[in-house]
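Below: one structure, written as structure tokens.
The values are calculated or read from the model by the stated rules, or taken from the named source; none is laboratory data. Every value quoted in this text rests on a predicted model; they were computed, and no experiment measured them. Here the Cβ is made from the backbone with ideal geometry for all residues, glycine too, and neighbour counts use every protein chain on show.
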Amino acid sequence: MIAGNQRQPPSSMSSMECRVTFQHRLFEMSLTTATTTAPKRKLRPARKQVAPDEIDKSESVQAGKEYNIWYNKWAGGDKEDALANKTLSQSRCIITRDAGYTRADATGNKYCCLFFARGCCPYGHECNYLHRLPLPNHTVPDNSRDCFGREKHGDYRDDMGGVGSFNRVNRTLYIGKIAESPDKNQAQETLLRHFGEWGKIVKWNILYQRGVAFVTYESEHNASFAKEAMANQSMDGDEILNVRWATEDPNPGEIIAEQKRIEEVGQKAISGMLDENLVEAAQTIRALEDGDEQDFYPIEASKPESEEAEEEEEEDSRPIKKSKSSAGTANGIFDADALDNLKFYADLAKKQAEEERERVKERKVPSKPAITSLLGGYGSGDESD
């Protein structure tokens, strides 16, 4: 047997070097596949927040005898503070844990689930409403309804609760019954941490030693969602929050800024809905009415710069002729052009009058001799005499 029949590695590369080179190539291939094919993100179904019989729906004893459908409570007989008798909510929504897709994502329903915002929806992904926060560009089919599909009213309730009003775009919430904190920075961090979960906050204000705060969201839908999600909830303390719609800010500067913001939002919404061809047609009609049609449809093509320069030189080289009429009547009532026109029409009228006289002379017939007497003028010039 010849030992040379067995396959030997090349003398220039050992077995250890071959193994290292092979592992390096595998690592490069793995990097290439990782960069070219990104992993697909899997959608998560919405979580069932509570069991069907987990929430206690028994109502407390009501002192009133008449039920007010406007305030959704019993009226009359309650002499104590209604806010002090509130009970802590039995459930709370946690967006990072409960949000996901539902049947509404497939059917095209644009309204959010009210029970999901309160943290007590037992249906999960089988719900017919959205289980997520309203997006910044979230629009509802009917502007007279809130993000949950509830009808708004013409005016707010006396206690600034309920759905709200369709006559005002309200993005600010009133938060009462806040537990006092000796550290102002800690109170601010707690407020933004709990209420910032429901959307972007653009402005906030805390009235210390009064247990009151105001929070303004970027969108009205986020404010409506936060109002339902934080009603009768607590933050880091043992308080029971009173969340209501805030009244209009009486500051004139804030009123003007809000009006400008509403106008800008309206212009963006209208411009996004309009067709580009329709906008161009409207601009063209307006230009025609104003006499600026040359800006949209030029009458003649622009000439090269060389030709324009030659024409300007020719115009400059031409001698300037001044008419006698313009020189003599520079300070008169009529200018030179008006006098030239008057002279032209006067000559034309004079010429037409002379032509008319010549035409009349050519058509004139010689008149007969007049009879001077009965006898002397009787046939004296006739050959028959």
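In the range 166-221, the qualifying residues are those that are farther than 30 Å from T139 by Cβ and of a type in the set (A, V, I, L, M), and the one that is surrounded by the most Cβ atoms within 10 Å (Cβ to Cβ) is I178. Can you find even one residue in the range 133-146 that is in a strand (DSSP E or B), in contact (Cβ under 8 Å) with a residue 60 or more places away in the chain and assigned by TED's automatic domain parsing to the domain that holds K110? Within the range 133-146, not a single residue is in a strand (DSSP E or B), in contact (Cβ under 8 Å) with a residue 60 or more places away in the chain and assigned by TED's automatic domain parsing to the domain that holds K110. Among the strands (runs of 3 or more DSSP E) confined to the range 193-307, the ones with at least 2 residues that are within 30 Å of S91 (Cα to Cα), of a type in the set (V, I, T) and at pLDDT 75 or above are located at 201-207, 212-217. Residues in the range 204-225 that are touching a residue at least 24 places away in the same chain (Cβ under 8 Å) and under 21 Å from I262 (Cα atoms): F214, V215, T216, Y217, E218, S219, E220, H221, N222, A223, S224, F225.
Screening the candidates C112, C120 for the property of being within 24 Å of the chain's Cα centre (by Cα) and of a type in the set (A, V, I, L, M, F, W, C) yields one hit, C112.
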